[in-house]
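*Asks:* First the structure, which I've put down as C-alpha cells, then a few questions once you've had a look.
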Amino acid sequence: EASGVTTKRERERGRAMLAFVPCAGATAARGCARKSGAWSSGATRLRCAAKSHGDVTHSVVHGSKRVAAGCAAIAVTAADSLRRIASEVLTRRDPGSMVLAAVAALYALVLMLAISAIAKRFRRAQFVERASKRRELAESINPKIAQFYDVRSDLWEKAWGSDDMHHGFYGLGKDLNPRKDRFVAQHDMMKQLLEYGTAEAALNREASLTIVDVGCGIGGSVRFLAREFPNSSVKGITLSTRQVERGNALNADAGLDSSRVKLLRGDAMSMPFEDNSVDLLWSLESAEHYPDKLQFLREVSRVLKPNGRFMMAAWCHRACPPKLDTNDLYILSKIYKKYCISHMCALEEFENHALRVKLRGVRTQDWSQAVRPFWRAVLVSAATATGVQELLRIGRPAIESALAVRHMIEGFRRGTLVFGVLAAFKPTPQQLQLEDDRLAELTCRTSAQ
C-alpha cells in the first residue's frame, strides 16, 4: 500500500493476513494447554494463512520484499514444527517431551517476532509515506516553532536545571567520558565550538566586536559569549517571545548591561541586522529548524563583515548515498513531528550551501560520538520529581516530546543522526576577486591544452 503497487483487493487481503495471523498463533497456544485438536487446528490455520498470503505480504511491506518473504518462510516452518511437536508431546508422554515443549515455545516466539517485524516495517512505511507529504514552509512552521518553545522553555529550565538548551560535549576518541557531569558537558560544548570556530585564526577577545547568536533560546550561549568577550556587544535572536522575556530577565540577574547584551525577537531567514555589521555569528542547535537552509546561509553571508567568523552546530542526517532507508526516514519523520522541524539535511549539504553563498575556509566535523551520552542524561532528568511534575503540568505536548527521546537515541545508535559542526569566514572583496582571477587563469590554461 505504501509503495502504491498493489490493487485494492490485494491490500484488503494483506490487512486481513496481518490481523489474522497473530490471532491464529494465540489459538494454537491455547490449544496446546487443552488438547491436541485445538493445537493442530490453530497450527493448520496459521500455516494456511502464511502460505495463501505470503505473496501479498512482500507487496505491502515498503521496500522490503526479502524481509517479508523471509518472515513468511519462518511462519510456515514454525507452524509445521509446532504441529509435529504437539503430536509428539501428547502421544509419547516421556521425559523428552519437556525438551520438545521448550522447542515448541521457542518456535512460537520466533514466529511472533517474525510477524512483529513485518507489522513494524509496514507501519513505519505507512508513517513515512504520510510524513513525506507534510514538509512545511517558513510561513506555516515559524509560528509553530515559536509556540513550541513558548511552551517548553520553562519545562527545560526547571526539569533540567540549567539555562543551556543544547547538547553536552562528552569528548571524542580516547577523551570520551560518558560519566561527565551534564552541566560541565554543556559548558564544554560552547567552549569547544568557540575553539573550533577560531582555530584557523584567533579572535581578539578584548576587542569591541559585534556578536550575534541565532536561535539563542533563553540566552545561555549569549551569556557565555558575553563573558568570553567582555568588551563586545552580544545580541541573540529567537522566534519565541517567552524566550526573549526570560532570557533578558536572566541577563539582568547576571548583572549584564542591557545595552551590551540583549535578546531580540527575530527570524534567522530575515535577520534584523544591517549588511556587513557582524564580526562573529554563532548558531548552536537551531539550524535544523530552518525550513530553508540555503536562505539562512545567505543571511549569514549578508550580515557578516569581511573576515567575519561563522560557527554552527546542528542536527543533521547521515550522508547519502546510500540513500536513507525506511527505518532512517521513520526516525527522522518522528523527530520532525515531535520537535517541530521542517527537515534536516546532511552536513555535506550545509558545506555546499556555505560555499555557494561565498563563505570560505569552510571546515566541518562530526561530533556525534561526543554528544551520544547526552540523551540518557535527559531521560534521567525527566524522571525526577520536578521533571514529572512539569510534564504533567504542561500536558500532552511535553509528554510526547519527552517520549520522542527514544527516537533520538535510536537515531544516533543507528548512525541516522549526525551532530555536525561547521566553521567558515566571509572573505573580503579583494580575496574574492583574486579567487576569480585564479579560476579564470586556470580555465584559460585548460582550454589551451
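Laboratory data are not the source of any read-out in this text; all were calculated from the coordinates shown. Please read all numbers here as calculations on a predicted model, not as lab measurements. Note: ideal-geometry Cβ built from the backbone for every residue, glycine included; neighbour counts use all protein chains shown.
*Asks:* Calculate I(q)/I(0) for the range 242-399 by the Debye formula, one identical point scatterer on each C-alpha and no solvent, and give its log10 at q = 0.14 Å⁻¹ to two decimals.
*Replies:* Calculated log10 I(q)/I(0) at the listed q: -0.97.
*Asks:* Next up: Starting from 0.36 nm per residue, how many nanometres of slack lie between Lys120 and Ala202 once their C-alpha separation is accounted for?
*Replies:* Numbers: separation 82, 0.36 × 82 = 29.52 nm, distance 5.12 nm.
Taking 0.36 nm per residue and subtracting the Cα distance, the gain is 24.4 nm.
*Asks:* If packing is taken as the average count of other Cβ atoms within 10 Å, what order do 303-314, 377-388 fall into, highest mean first?
*Replies:* Working: 303-314: 22.0, 377-388: 15.4.
Put in order of decreasing packing, that is 303-314, 377-388.
*Asks:* For a quick protection proxy, order the peptides 272-282, 316-326, 171-181, 155-165 by their average other-Cβ count within 10 Å, most packed first.
*Replies:* On the way: 272-282: 18.2, 316-326: 15.0, 171-181: 11.8, 155-165: 19.9.
Ranked from most to least packed, the peptides come out as 155-165, 272-282, 316-326, 171-181.
*Asks:* Any chance you could run the full-extension gain for Val151 through Glu435? It's 0.36 nm times the residue separation minus the Cα-Cα distance, nm to one decimal.
*Replies:* Values: separation 284, 0.36 × 284 = 102.24 nm, distance 4.79 nm.
Contour length minus Cα-Cα distance gives 97.4 nm.
*Asks:* Please report how far the C-alpha centroid of the range 390-449 lies from that of the range 305-371, rounded to the nearest whole angstrom.
*Replies:* A separation of 4 Å, based on Cα centres.
*Asks:* By how many nm would the segment from Asp275 to Leu379 lengthen if fully extended, with 0.36 nm per residue of separation less the alpha-carbon distance?
*Replies:* On the way: separation 104, 0.36 × 104 = 37.44 nm, distance 4.24 nm.
That pair, Asp275 and Leu379, stretches by 33.2 nm at full extension.
*Asks:* Checking the table Lys262/Lys426; Lys120/Lys144; Lys235/Lys305; Lys293/Lys358 against a 20 Å threshold on Cα-Cα, which pairs fail?
*Replies:* Values: Lys262/Lys426 25 Å; Lys120/Lys144 30 Å; Lys235/Lys305 16 Å; Lys293/Lys358 15 Å.
Beyond 20 Å between Cα atoms: Lys262/Lys426; Lys120/Lys144.
*Asks:* Same structure again: Would you calculate the separation in nanometres between label points at Arg445 and Ala404, each defined as 7 Å from the Cα along the Cα-to-beta-carbon direction?
*Replies:* Once both label points are built, they end up 5.2 nm from each other.
*Asks:* Would you mind computing, in nm to one decimal, how far apart the modelled labels at Asn307 and Ala249 are, each placed 7 Å from Cα along Cα→Cβ?
*Replies:* 4.2 nm
*Asks:* Mind computing the radius of gyration and Dmax over the alpha-carbon atoms of the range 138-435? Å is fine for both.
*Replies:* Values for the range 138-435 (Cα only, Rg and Dmax): 18.4, 61 Å.
*Asks:* Listed highest first by mean packing, meaning other Cβ atoms within 10 Å per residue, what order do 412-421, 190-199, 246-255, 438-447 come in? Don't skip to the end; give the middle numbers.
*Replies:* Details: 412-421: 19.7, 190-199: 17.7, 246-255: 16.0, 438-447: 9.4.
Put in order of decreasing packing, that is 412-421, 190-199, 246-255, 438-447.
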